Every structure is written in C-alpha cells, then in structure tokens.
1. State whether one or more residues within segment 427-436 are buried (at least 16 other Cβ atoms within 10 Å of the Cβ), assigned to a helix (DSSP H, G or I), at pLDDT 90 or above and among the charged types (D, E, K, R).
2. Among the residues of segment 104-125, which ones are closer than 19 Å to LYS80 by Cα and of a type in the set (Asp, Glu)?
3. If I ask for residues that are in contact (Cβ under 8 Å) with a residue 12 or more places away in the chain and of a type outside the set (Val, Ile, Thr), which ones from segment 84-96 would you list?
4. In segment 504-514, what residues are crowded, with 18+ Cβ neighbours inside 10 Å and in contact (Cβ under 8 Å) with a residue 60 or more places away in the chain?
5. Return the pair list, or none, for Cβ contacts closer than 6 Å from residues in segment 411-426 that are without any contact (Cβ under 8 Å) to a residue 40 or more places away in the chain to residues that are assigned to a loop (DSSP other than H, G, I, E, B) and open to solvent by 60 Å² or more (accessible area, probe 1.4 Å), at least 6 apart or on different chains.
6. Being farther than 26 Å from LYS189 by Cα, open to solvent by 40 Å² or more (accessible area, probe 1.4 Å) and basic (Lys, Arg) narrows it down to one of ARG132, ARG125, so name that one.
7. Which numbered condition in (1) closer than 20 Å to ILE176 by Cβ; (2) open to solvent by 30 Å² or more (accessible area, probe 1.4 Å); (3) touching a residue at least 12 places away in the same chain (Cβ under 8 Å) is the only one that ALA81 fails?
8. Output yes when any residue across segment 367-377 is touching a Ser or Thr at 6+ places or on another chain (Cβ under 8 Å), open to solvent by 50 Å² or more (accessible area, probe 1.4 Å), free of Cβ contacts under 8 Å to residues at least 60 places away in the same chain and more than 30 Å from GLU70 (Cβ to Cβ), and no when none is.
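The values are calculated or read from the model by the stated rules, or taken from the named source; none is laboratory data. On a predicted model such as this, the values are computed, not experimentally measured, just so you know. Cβ: placed from backbone, ideal geometry, glycine included. Neighbour counts: every protein chain shown. Note: areas computed on protein heavy atoms with side chains; ligands, DNA, RNA excluded. Shrake-Rupley method; radii C 1.70, N 1.55, O 1.52, S 1.80 Å.
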Amino acid sequence: MNNFDMDECSSRGACTTAPNIAAMQEIILLIIQKISYYKSRLKHAQIEDYKYDSEILHLICILAFINDYEESQLYSTIIKALGIINYLKDKYIKNVQNPEPICDIPLNSDTRLPKMISFGESILRAKYIKTRNTYQNLIDILVMVAKSAALNLKWLNSFDLYSEDTFYIILKAFDIINRKGYGNEQSIKDNISLLSGISYNMQIKIGEAIVKSFGKISKTSVSFSSQNGKAILVSGNNLYCLEKLLKDTQDKDIDIYTHSELLISHTLENFKKYTHLKAHYGSSFKSPIRDFGTFPGAILLTDNSPHTTDYYYRGRIYSLDDIDRKGVIKLEDTDFSQVIDSALDAKGFSSGKIKPQRVIGYNPEELYDLFKNIAQKLKNDEIKRIYIVWVNSYSKMQEEYFKKLFDKLNDDEVVISLYYSSQKSNVYTIDMGQSIPLGINMLNKLFELCPIDEKFIFYITTCDVMTFSDVINVKNMGAKNIYIMSCPPAIINPTVLETFKTTYDIKSSTTLEQDMNEIRDL
C-alpha cells in the first residue's frame, strides 16, 4: 500500500534527488565524516573547542532536507564546511601527540561548482560499483538515525537544553562511517539503538519543555478558516518565534496563521490570550508549495520549515536560517519589523473562506481517566488488542485503510489514534497536530499504566527522516507487532528498508484484509 499517493512533493517530483544534488549530498556526508574524525580526537585529547559546533550541527540537519536546497546554496555550504575541516585539522596537528591526519578532500575555496559536482559524482559511482550488503545498509540506517538525532538536538537547543554529550555521540556515528571496516554489524546496531534511544529521550524533553515554556495543553477546536484582513503565516516548529511575532503584532491589525507543526500552539495556554492568532492554514506539513503559493500575506519560516521555495518566489518569505534560499529574505535576528511591513503592504485576504474546524490536543485529567479505564480493561482481559495509530501522513489511501480498520474492529479491540477518527466508541482520537514530542509524552502516560506487550499493535504511518528512530524506540519499549507503510524510494532506499525490516522484525502493511488476518492469528 502506497502511503504517499497524496504527498505533494512526490506528485510533483520534488522528492526525487536530482543527480547534481545527490553528488553534493555525498560531499557533505564526506565532510561531516572528516569533521567528526577531528572533533572526536580533539575531544579524546581533552582539547575543548566549541567554535563551530552550531555550524556542524546545522550541516548534519541539512542532510535531512537535502532535496529542499539548490546547488548554489549547497555550494556555499560546502565551501564554508571545508574551512571548518581545515581549522580542526590544524588544531589537531598542533595539539595532539603523534597526529594521524586523514586524507584531504580535493576541494577548496577556489573550486568551481562543475568540478565540485564532478567530484561528488565520482563518490556516487564508487558507491554504485559496490554490491550492497547488510553492513552497508546498516550504515545507511545509522546515518538516518543520526540525522533525526541532530534535528531533535537542534530543536532542544531552542529551549536552551543543548547536550554536548549527545552532540559527540552523533559525531561518533559519522566517525564510524569514516573508518571503513571499523567494528561489525553488531557494533553498528548498538550505535543505532543508542542514538535512537537518545533521540527518543530528547523528544520527551522537548515535549516537557513545550508545556513548561508555553503553558498547559488542553483540548481545543482549531479553526482552519481564513477571514478578510492582512495576514502573516508562520511555519516550522519554533514556538518562541511565533510568540515573539504575536507580541510584536498585537496592535498592528494583522492576523497570524500557523502552518505545519505550529498547529499545536493553538492548544497551549500561553497562546490562547492572543486573539489575533486566528487559525491554522493549509492541510499539512507536506504541502508548502500549495499553501505558501496561495497565502496572500507575508510568510515567516522558523526552525525545520519546508525549504522548497523556488515554486513560489514572491519576495514575501522571510527566514532566520543560516542558508540563503531562493526567494527568501534572510533575517539576522528576531526583529520581525520587515515581516510586519511586508504583511501590511500585501493585499491580505479579500474575503474569508470557511473550513471545518478540528479538535486538537487533550485535557490531561480526562486523558488520565481514559487510560486508567483502558489499563483496567486490559488487566481484566476485556481488551484483546490495542492499536496505536501514529500521526497523519495525509494520504488518501491510508485514510481509507484506517476507515476500514475502524469499521471492522471487534468489541474487544481498542484504537488510540493520533489523527484518524471514527464514531465508534472503541476508537479514541487524540489529535496531536503533527507534534511527535507531545504525542510521545501523551502515549507514555498510557504505557506507564499498561506496559507494551503482544496486545499492542503499532501502525507507524509517516515516512520521513524520523521513521527509523521512532520504530526502533517502540521496538525497544517491548512492541512485538509494528507495521509501517510503504515509503517512496527517494526518501528511503528500498534495499535499506528491507534490511531495516528484517533486522528489527518490522512488518509492511499490505491490504487491510491480509494485515487483519495476520494480526488476529497471532
């Protein structure tokens, strides 16, 4: 079953990695490996150096969104990163006894773009010549998990909860790749498990930090409608930027709309006082081309925002990102006066459009009572199976799958769904608005009352950089039965995915009938 039939980047071909971008991706990966080598050895020699740590972390995060960048942006990124390698290499040679510097990358600040791409292509060709095996696939899984850990660390850093130890564990993963033949399959799997667990714990901390910083969460009916007036759209996951913008626009007669993971802000106590926080705009995180292209005001991109801006260049998109993007005006700090002026100059919404509201979040007291009731029924053997359905991936085929699943539920089966809903009394929808950290914190309240065992069936519905670590964490918590949906090959290499499923005993969802027959025969 394809879960990406309605995915905008797939339908437009934007998810396919162009050859030139793929070549530059290999160079960035190689650079990160070299940087990790020198950083790890300087750390081992107790030589502290934090000068470029934020840039290195950002470089790893770029790998997670490589398809969103153009070759000119990646070119400037690579040139800067080569300077970081030279800096660390010089420090290593001068300060470490018996230094063993690794081979240099044959690129420098004078290297022209065509030659750089040619070098990246040579790395790719060398990869393709080799026959893939389990070890190489596990290395790719390790890289994927390292990227997800880097994204979570960057997010955690926005709450001033940065962990240097975690940073070096991420670097260790890339250092292992750098030393070809180092370790064995088990050592790679151990590092995958370690990083996945760390990533999971970071998400828990992020969820806790969100509530601590922005107030208690509550069940909230969120508007998806628009209304006449000037407007700013805020995308990404940085709640601090959203809060700052709301404060700056309180008396400006500008309506603020959220996008992507900022949907959850409408459920948090601190944001409810801002009457000009009007609604959530767009259907999903995966449709920035459509959403941004139709928004008639200014757009502010915060951390982990969709990057593909070349489709909707209009001169009204602003970002705090370190990398210049086509069609995006770079902000140096959180002075949003340019964004506000742009919104006032834009036409805004000439008329409103009414759309159905959506209930997001939960009331903690009600949730705890629900989970206590489920735990008691599990203990009394009144519930035979409990299905955990992950956040929405906005796939029409997937939606039909779960609609049928809910219809065919037995009376002794229960569903906890983080998006898909049903009128059936044994389907409990707790829509977390794409917020995985808050979703994990919510589910942990259930797992504390009834630890995961063979009665739990997990459906991992998303397919992105976080998928591997999410699945491994659920597995490590005791899950026996995990189903994942199909993934586009541009996101996860099919042979890597097969190694992942075999290694961690993960099942692929097929048809509902086949899956239910397998589940109920367990």
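1. For segment 427-436, residues buried (at least 16 other Cβ atoms within 10 Å of the Cβ), assigned to a helix (DSSP H, G or I), at pLDDT 90 or above and among the charged types (D, E, K, R): absent.
2. ASP104, ASP110, listed by residue number.
3. TYR87, LEU88, LYS89, LYS91, TYR92, ASN95 - these are the residues of segment 84-96 that are in contact (Cβ under 8 Å) with a residue 12 or more places away in the chain and of a type outside the set (Val, Ile, Thr).
4. Here is the first cut: in segment 504-514, the ones crowded, with 18+ Cβ neighbours inside 10 Å are 504, 506, 509.
Result: SER509, single match.
5. ASP412/LYS384
6. On the way: ARG132 fails: farther than 26 Å from LYS189 by Cα.
Step by step, each of ARG132, ARG125 is checked, and only ARG125 is farther than 26 Å from LYS189 by Cα, open to solvent by 40 Å² or more (accessible area, probe 1.4 Å) and basic (Lys, Arg).
7. (2)
8. First, pick out the residues of segment 367-377 that are touching a Ser or Thr at 6+ places or on another chain (Cβ under 8 Å): none.
The answer is no; no qualifying residue exists.
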